[in-house]
Amino acid sequence: MDDLVVELAGLLGEAHVLVSAQDQAPFLSDWLGKYRGAARAVVRPGSTEEVAAVMRLCTRHGVPVVPQGGNTSMSGGATPDGSGRAIVLSLTRMNRIRALDAIGNTITVDAGVVLARVQQAAQQAGRFFPLSFGAEGSCTIGGNLAANAGGVAVLRYGTMRELTLGLEVVLADGRIWDGLTALRKDSTGYSLRDLFIGSEGTLGVITGAVLKLFAQPHARATAFVAVPDVAAALSLLAVARDRCGDRLTAFEFMTGDCLSLILRHVGEARLPLGAMPPAAVLIELSDQDDEPGLRDRLEAALLGSIETGLVLDAAIAQDGTQAKAFWRIREGVSEALVREGKAAKHDVSMPVSAMADFVAAADAAVHTAALGVRPIVFGHLGDGNLHYNLLPAQGQDPAAFAALTPALTRIVHDEIACRRGSISAEHGIGQLRVAEMPLRKAPLDLELMRSLKDLLDPAGLLNPGKLLAGKLLPASTSN
Ligand code: FAD
Ligand code: 2HG
Ligand code: ZN
């Protein structure tokens, strides 16, 4: 048997070192079905000390390590390459809620805790953890941190970076960095925590986190609103902000083509409007109490906007069940896309005011480059973040579309670059966008990032080929 596997089994117990193809399979391909890799072993440590021991061993043997949480990455970030040299280090056995401080408004968790469990634990204590999106039932806090996840409540509460106070991280050489503090103020130099957030498993393995909690919103008002186009949706966003202030929690955009795709593929999704609109927004307000008052406020904003032509039609949820049904539509987009075929995925951000212009320019340019291409555009409009997905023309050979994808991506990202936007707002670079980095980041950005990588992971063992490409791996000494 492989010496490394024997040593790993000695550290973790045989049951937690997976070597058979059948046991490894769920860890070796991604949620979108785009990437498939191979691994020398999949290891499942149960504590920070075990992660540290695994890292010491891998560093000694020069073995690459791919950290993995819930494996819901949209950029192939948690899938190893095909060489079979790396181990996958799955954090899902590390699933303890370590502490909850209802006075200090913090929760301390293992990195492998599933996001929905953190939400539930907060709720049981009368508090609220706001990170939320479609994969919340399977993604983990470690993965959310490593990707700096966003989701549907960023407008009010911010991204994972803004929701985090402290981290515990195992470094490439096995040392444990204890930054697990709950301080809201700390002016003692560089924020090391922020280096690891968004680092996609390339600088260290996150093993624990202190997260911020909030007051639980007991009142919600949710509306599904038909709008003529992106420009109208942006004007409606301004109206909603003026009328509702901080109560505005979500402002999610979908084009009519996106809605049609969802209705076609997600059985239980029902359009709550009379007719298919050109576009729609899902608006949610939340507050501590007074749900009728909140609904009146939303209704007044929408009625005023019907008069000014920003809103074509609107449905306001009368209870939680209706609100859930509205959200089911929005949350069905990714699965509808997967059922339709392989999309060219783009996760872009830009100044909010540039979004209407971006969609018009990108739509025109991709249609010129690829006749019949189908843009499926949706996303977190209030955050300046669109998921600009492209599907092949009806009946187009998937291989022919795949061959066109790099050119289409170039077009979309050129439209983003000229608006000083970003090629990844929340899904990360992973392996999907790694080739774009030298084109889209300034040389000095890349140089500084490379210096940090070399400092923290001099042998280049942590999640190689993701985020920053380059630097050949040393030959493994235990083969
Ligand atoms: P994984 O997929 O396992 O890993 C993601 C990255 O983090 C990889 O680079 C991996 O190496 C690294 N990593 C994982 N755990 C650790 C760790 N403990 N230490 C260091 N590195 C680690 N994202 C959004 O931001 N907003 C959305 O609205 C959104 N919606 C989604 C909807 C669906 C249906 C799906 C499938 C995904 C969605 N995502 C969204 C993508 C999102 O990035 C992930 O769902 C989530 O943040 C990843 O968590 P995970 O535990 O699955 O991480
Ligand atoms: C969302 O906002 C996710 O629903 C997934 O970020 C986006 O599938 C996608 O492109
Ligand atoms: Zn998203």
Does LEU4 count as in contact with a strand residue (DSSP E or B) (Cβ under 9 Å, 6 or more places away or on another chain), more than 24 Å from ALA116 (Cα to Cα), open to solvent by less than 30 Å² (accessible area, probe 1.4 Å) and without any contact (Cβ under 8 Å) to a residue 60 or more places away in the chain? no
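For the range 1-108, list the strands (runs of 3 or more DSSP E) that sit wholly inside it and hold at least 1 residues that are within 13 Å of ligand 1 (Cβ to nearest atom); which are they? Reasoning before the result, please.
Working: elements: 41-43, 65-68, 87-90, 97-101.
Ranges flagged: 41-43, 65-68, 87-90.
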Of ALA78, ALA86, which residue is in contact with an Asp or Glu (Cβ under 9 Å, 6 or more places away or on another chain), surrounded by 22 or more Cβ atoms within 10 Å (Cβ to Cβ) and either under 23 Å from ASN148 (Cα atoms) or among the aliphatic types (A, V, I, L, M) (or both)? ALA78
Kindly provide the set of residues from the range 182-205 that are under 24 Å from GLN124 (Cβ atoms) and of a type outside the set (Gly, Ala, Ser), ordered by number. ARG184
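Being buried (at least 24 other Cβ atoms within 10 Å of the Cβ) and over 27 Å from PHE128 (Cα atoms) is true for just one of GLY208, GLY256, GLY204. Which residue is that? Spell out how you get there, then give the answer.
Working: GLY208 fails: over 27 Å from PHE128 (Cα atoms); GLY256 fails: buried (at least 24 other Cβ atoms within 10 Å of the Cβ).
Among GLY208, GLY256, GLY204, only GLY204 is buried (at least 24 other Cβ atoms within 10 Å of the Cβ) and over 27 Å from PHE128 (Cα atoms).
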Looking only at residues that are within 16 Å of ligand 1 (Cβ to nearest atom) and under 17 Å from ASP257 (Cα atoms) in the range 344-369, which one is least open to solvent (accessible area, probe 1.4 Å)? HIS346
Just give me the residues in the range 332-343 being open to solvent by 50 Å² or more (accessible area, probe 1.4 Å) and either near ligand 2 (Cβ under 7 Å from one of its atoms) or not in a helix (DSSP H, G or I) (or both), in sequence order. LYS342
Taking the condition open to solvent by less than 40 Å² (accessible area, probe 1.4 Å), closer than 23 Å to ALA86 by Cβ, assigned to a loop (DSSP other than H, G, I, E, B) and away from ligand 3 (no atom under 16 Å from the Cβ), does LEU145 pass? no
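Might you let me know whether the range 265-275 holds any residue that is closer than 30 Å to ASP313 by Cα and either within 22 Å of the chain's Cα centre (by Cα) or crowded, with 24+ Cβ neighbours inside 10 Å (or both)?
Here is the first cut: in the range 265-275, the ones closer than 30 Å to ASP313 by Cα are 265-275.
Okay, now just the ones that are also either within 22 Å of the chain's Cα centre (by Cα) or crowded, with 24+ Cβ neighbours inside 10 Å (or both), so 266.
Scanning the range 265-275 turns up at least one residue that is closer than 30 Å to ASP313 by Cα and either within 22 Å of the chain's Cα centre (by Cα) or crowded, with 24+ Cβ neighbours inside 10 Å (or both).
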Do the conditions hold for LEU236, that is, is it open to solvent by less than 10 Å² (accessible area, probe 1.4 Å) and farther than 28 Å from THR164 by Cα? yes
Conditions first: (1) closer than 17 Å to MET355 by Cα; (2) more than 22 Å from the chain's Cα centre (by Cα); (3) open to solvent by less than 40 Å² (accessible area, probe 1.4 Å). VAL373 passes all but one, so which condition is the exception? (1)
Could we say that ASP287 is under 30 Å from ARG127 (Cβ atoms) and surrounded by fewer than 16 Cβ atoms within 10 Å (Cβ to Cβ) here? no
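Report those helices (runs of 4 or more DSSP H) wholly inside the range 179-274 carrying at least 2 residues which are β-branched (Val, Ile, Thr) and in contact (Cβ under 8 Å) with a residue 40 or more places away in the chain.
Values: elements: 192-196, 230-244, 256-265.
Helices (runs of 4 or more DSSP H) meeting the threshold: 230-244.
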What's the number of the only condition in (1) among the basic types (Lys, Arg); (2) modelled with pLDDT under 95; (3) buried (at least 20 other Cβ atoms within 10 Å of the Cβ) that ARG433 fails to meet? (2)
Boolean, ALA219 is surrounded by 22 or more Cβ atoms within 10 Å (Cβ to Cβ) and among the small types (Gly, Ala, Ser): no
What tally of residues in the range 290-331 results from selecting those that are open to solvent by 80 Å² or more (accessible area, probe 1.4 Å) and either in a loop (DSSP other than H, G, I, E, B) or in contact with a Cys (Cβ under 7 Å, 6 or more places away or on another chain) (or both)? 5
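The values are calculated or read from the model by the stated rules, or taken from the named source; none is laboratory data. What you see is a predicted model; the values in this text were computed from it and never measured. We place every Cβ from the backbone using ideal geometry, glycine too, and count neighbours over all the protein chains shown. Protein only, heavy atoms only, side chains kept; ligands, DNA and RNA dropped before computing areas. Shrake-Rupley method; radii C 1.70, N 1.55, O 1.52, S 1.80 Å.
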